[in-house]
Every structure is written in structure tokens, then in C-alpha cells.
Amino acid sequence: MQPAAPIRLFDAFHVGITSFLSEIEDLVEAAEANPLLARVDALAGNRDWDGLVELARRCRQAVERGKQLWPIAEHIDYRLALEAPGPYAAAVLDPEAGRFALGPLTEVAASTHTFEELAAHIPSPQSSGSVAAERVVRGEDLREAARTHAEVMEMPLVLEDWEPKYPLAVYRSSKAVFPDPKVEPTLARGSKSSFDPLEDDELRRALIGLVDVWISQSNGVVQVSIGDGNAEGAITAIEHEEFRIGEVTASDAFALMGWAAASGGAEGKRRGAAFGRFAAWWAASIMADLEWPPDPAELGQGVSELKWFLWEPAHGRKGWNLHLAVASDEGWAAAIAASDTKDG
């Protein structure tokens, strides 16, 4: 007579599973977004990660039958990356996943998990390297960690003392916040200055690369000047009207470059803080005339010997924008003016 209770428990469990599967099958077949999203919220709230995985699987199967449920499946991947335990979060970190998420899933997962929680479960070296780089930007020292695949981004596995605190995305279940650097120098009226333009395709590409998503995926515009002269001359080559200018630290300049490169601008796809750090290092290594990958100490010394400026055109700065100038004691200077808004 002893087995009766276990049998009743098994029957109840079986009935519960059957009921759950029947319910999500009905929701998927109806293909209505609001009820499905409500079910996703309920499953996440109950920490039913297996249920979310099953719902995502069925949504993807339904796509093959012509039902437009890929946004639901991608939202589930985002919720798993953000909220689920390491094995579940890591399982969705495929390089091709999350194309329409609020941010790259490697950054999403890294925002709420340590590298150790994820590392053993990440399916690809590319994703593992990206997650490691994201955790480093958030202050984790991974120099002794396994599975970091540092070759993916060729960046140091710890923040250098001379680097800034890069602006970090904050992800929530249905929204994200992308703070910008709080770099607010005192700006004074700039003086127009002579400038002799030079061809430097490598530096031009690196500077434009900081904001190329703004241009290719949104409404962004960018101008770059490089040549012999000072910072005001480089700005004059871009902005023929009045402008204001103020000196900033190398650390501030890195925060600005990293923020711009991490973002997607007004409407483009965000690339993540780890990419932002990489793009800032790439541009700075060219300015410092260092081969890639640069020695961190040499790069820190090189950028400290440059003069960095934030500037503002006569009409002000609007929307997403990067107005930065740099000058060398060797007599060359460069400036970038980039902006992006939702209405073009």
C-alpha cells in the first residue's frame, strides 16, 4: 500500500505537465503577442526556466509554419540571458542570437552574471571571448581565468589603471538604460586656426569606426579632419562657424570613444561596452603610433602625451553625438564631429 502517495504525486505532475504543454500550444497557435508575453512574464516570475526554453522552442517551430513568433522567441532568449541561472543564460549566447534584442546577449548576460557562472556553459569561443571582455569592462579581473578566449578581442583581461569607468548598460526585463559619460568641461570660445589637411586613411577609418553604426543603421552623419596644426585648426576644418572648446583628460576621451562605439546611436544595433573599449584602444593605438595589440603601459603613456578636447559647434550638440579633438606635440591634430537623431 506504500506506493499510493508517490503514484498520486506522479499523476499530478504528469497532469500538470500535460496542462502546461496544452496551454502553451494554444497560445502559440493563436499567435497573439500580448498573451504570449504575459506567459513569458509569468514563467520568468516563477523562475520556470525549462518552461521558457520549451515555449521558445515551440515559437521557433511555429515560425517555420508561417507564424510571426520570432520576436517572442528572441525576447525569451533575452530574458534567459538576463535573469536565468548561468547554464540557461549561457545556452542562448550563440553569435547569431539576439539580433533584435535591446543589446548584444553577451553584454546582457554579463551584466547580471560573473564570468565563472557562465564560462563552462557558453557554446562558442567567440561568445566566451565576448562575455569575458564584457566582464572585464565591468571590473572583473580575468587574467587567471580559463575559457576567456582573449584572442577574440585581443584586449587585456583587466582594466588598466589609466582607463576610465566606461559607461555601462543597465538591462531590465522590458527596457534598457544606456548612460552617457559625464564629461562636462568648461567650454570657451574657440579661435579659428590654420590647418594643413593630411591623408591618413588608417586613423580616419578608426575614427569613423567609432560611430559607423550610427551611419549605416541609423540617421547619423560624421566628419573627420586630420592634418598639421592644432586642435582648433582641426575643428576649424570641420566647423567653419563659431565653436566652443574645452580640454579633457585622456581617461575622459576614452570614456567618450568607448561610449560612442558601444552604442547603436538613435536607431542602430548596440555593439556593447566590450566593443566600445576595443574601438577606443584601436583608435588610440594608431594615434600613439603603436602596433596592434599595443602594450597597455605603452598605450597609457602614449595617450597621456596627447592633448584631448571636447568641443561644441555653434548650433550646439543634439541627440547622440561625439565631438572630440586630439592634438600632438609633434604638430598634428585630428577632430571628429558625429551626430545622430531619430528624425534624421
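The values are calculated or read from the model by the stated rules, or taken from the named source; none is laboratory data. This structure is a prediction, so every number in the text was calculated from the model and none was measured. Glycine gets a Cβ as well: all are built from the backbone with ideal geometry, and neighbour counts include every protein chain shown.
Values computed for the structure shown
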{"read-out": "Conditions (1) surrounded by 22 or more Cβ atoms within 10 Å (Cβ to Cβ); (2) over 16 Å from P179 (Cα atoms): number failed by I286", "value": "(1)"}
{"read-out": "So R270, is it within 30 Å of F100 (Cβ to Cβ), among the basic types (K, R) and surrounded by 20 or more Cβ atoms within 10 Å (Cβ to Cβ)", "value": "yes"}
{"read-out": "Single unsatisfied condition, E96 versus (1) without any contact (Cβ under 8 Å) to a residue 12 or more places away in the chain; (2) more than 17 Å from the chain's Cα centre (by Cα)", "value": "(2)"}
{"read-out": "Count of the range 308-344 residues which are buried (at least 18 other Cβ atoms within 10 Å of the Cβ) and among the charged types (D, E, K, R)", "value": "2"}
{"read-out": "Flag for R172 being among the basic types (K, R) and under 30 Å from V28 (Cβ atoms)", "value": "yes"}
{"read-out": "Residue check, I76 modelled with pLDDT of 95 or more, within 21 Å of the chain's Cα centre (by Cα), more than 24 Å from F275 (Cβ to Cβ) and in the same structural domain as L37 (by TED's automatic domain parsing)", "value": "yes"}
{"read-out": "S111 surrounded by 18 or more Cβ atoms within 10 Å (Cβ to Cβ) and in contact (Cβ under 8 Å) with a residue 60 or more places away in the chain", "value": "yes"}
{"read-out": "Some residue of the range 155-176 being surrounded by fewer than 16 Cβ atoms within 10 Å (Cβ to Cβ), among the β-branched types (V, I, T) and more than 27 Å from G300 (Cα to Cα)", "value": "yes"}
{"read-out": "Search result, residues across the range 116-146 that are among the charged types (D, E, K, R), surrounded by fewer than 17 Cβ atoms within 10 Å (Cβ to Cβ) and either part of a loop (DSSP other than H, G, I, E, B) or under 19 Å from the mean Cα position of the chain (by Cα) (or both)", "value": "D141, R143, E144"}
{"read-out": "Filtered residues of the range 249-260 (kept if surrounded by fewer than 21 Cβ atoms within 10 Å (Cβ to Cβ) and either of a type in the set (D, E) or touching a Pro at 6+ places or on another chain (Cβ under 6 Å) (or both))", "value": "S251, D252"}
{"read-out": "Residue in the range 220-228 that is within 21 Å of the chain's Cα centre (by Cα) and either in a strand (DSSP E or B) or more than 21 Å from W320 (Cβ to Cβ) (or both) present", "value": "yes"}
{"read-out": "Hits in the range 147-183 (condition: farther than 15 Å from A255 by Cα, among the acidic types (D, E) and assigned to a loop (DSSP other than H, G, I, E, B))", "value": "E154"}
{"read-out": "Test: residue in the range 218-230 that is out of contact with any Phe, Trp or Tyr (no Cβ under 9 Å at 6 or more places or on another chain), within 30 Å of E74 (Cβ to Cβ) and not acidic (D, E)", "value": "yes"}
{"read-out": "Which listed residue is among the hydroxyl-bearing types (S, T, Y) and within 27 Å of L157 (Cα to Cα), from S251, S339", "value": "S251"}
